[in-house]
1. Looking only at the range 156-167, how many residues end up being in contact with a helix residue (DSSP H, G or I) (Cβ under 8 Å, 6 or more places away or on another chain), surrounded by fewer than 16 Cβ atoms within 10 Å (Cβ to Cβ) and modelled with pLDDT of 95 or more?
2. Limited to the range 43-55, what total is found for residues that are in contact with a helix residue (DSSP H, G or I) (Cβ under 6 Å, 6 or more places away or on another chain) and part of a helix (DSSP H, G or I)?
3. I need the full set of residues from the range 100-147 which are in a helix (DSSP H, G or I), surrounded by fewer than 16 Cβ atoms within 10 Å (Cβ to Cβ) and in contact with a strand residue (DSSP E or B) (Cβ under 9 Å, 6 or more places away or on another chain), in order please.
4. Restricting to the range 22-42, name every residue that is part of a helix (DSSP H, G or I), free of Cβ contacts under 8 Å to residues at least 40 places away in the same chain and under 15 Å from the mean Cα position of the chain (by Cα).
5. Given (1) touching a residue at least 40 places away in the same chain (Cβ under 8 Å); (2) crowded, with 16+ Cβ neighbours inside 10 Å; (3) more than 19 Å from residue 135 (Cβ to Cβ), where does residue 96 come up short, assuming only one miss?
6. Being touching a strand residue (DSSP E or B) at 6+ places or on another chain (Cβ under 6 Å), in a loop (DSSP other than H, G, I, E, B) and at pLDDT below 95, is that true of even one residue in the range 77-85?
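The values are calculated or read from the model by the stated rules, or taken from the named source; none is laboratory data. Treat the numbers as computed from the prediction; the structure is a model and nothing was measured. Here the Cβ positions follow ideal geometry from the backbone for every residue, glycine too, while neighbour counts run over all protein chains shown.
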């Protein structure tokens, strides 16, 4: 497949994730640090096809090397366009990805965050609206630079309150609001 066809093939999942970032993450200020990186074009989107965990882990490790070599890119969203729709299979992949990051000596250099269409926090009910703070139109593995996180934390003394604030916002708007918002993005 030529690069033009590959880009066209990946345009739809990237568009969905970009729209989710703009309308959900930035639009509802779930991450106060996302707007500047999104606006500056420092977010990289990489679409991964297939259900083989080995290929996902290989792509993740390749992306860590890419980030090492491209400091102009702040963060990468690995978009799992095919498969990984089962949340528990995805959690297994996430554990494997975290272990691979550690085994490659990237712990403390990069952090792995996770988003999934059916995300459920361990301490929440499946239908709790707070789960929507980590729900996305497609399964994602998000690579963040630890140094950037440290700078963001140092610049915002209330950063520890963000998760609780997000949960309160999600519950105040209700699950039906978030479900409709994600359905609009996914259409």
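1. So the first thing to find is which residues in the range 156-167 are in contact with a helix residue (DSSP H, G or I) (Cβ under 8 Å, 6 or more places away or on another chain), and the list is 159, 163, 166-167.
Then drop every residue that is not surrounded by fewer than 16 Cβ atoms within 10 Å (Cβ to Cβ), which leaves 159, 163.
Now drop any that are not modelled with pLDDT of 95 or more, which leaves none.
Adding up the residues that qualify gives 0.
2. 1
3. Residues of the range 100-147 that are in a helix (DSSP H, G or I), as a first pass: 100-103, 129-134, 146-147.
With the extra rule that they be surrounded by fewer than 16 Cβ atoms within 10 Å (Cβ to Cβ), the set shrinks to 102-103, 146-147.
Correct list: 146 only.
4. Correct list: 22, 25, 26, 34, 35, 37, 38.
5. (2)
6. Narrowing the range 77-85 to residues touching a strand residue (DSSP E or B) at 6+ places or on another chain (Cβ under 6 Å): 77-81.
When the remaining residues are screened for being in a loop (DSSP other than H, G, I, E, B), the result is 81.
Applying the additional criterion that residues be at pLDDT below 95 yields 81.
Yes, some residue in the range 77-85 is touching a strand residue (DSSP E or B) at 6+ places or on another chain (Cβ under 6 Å), in a loop (DSSP other than H, G, I, E, B) and at pLDDT below 95.
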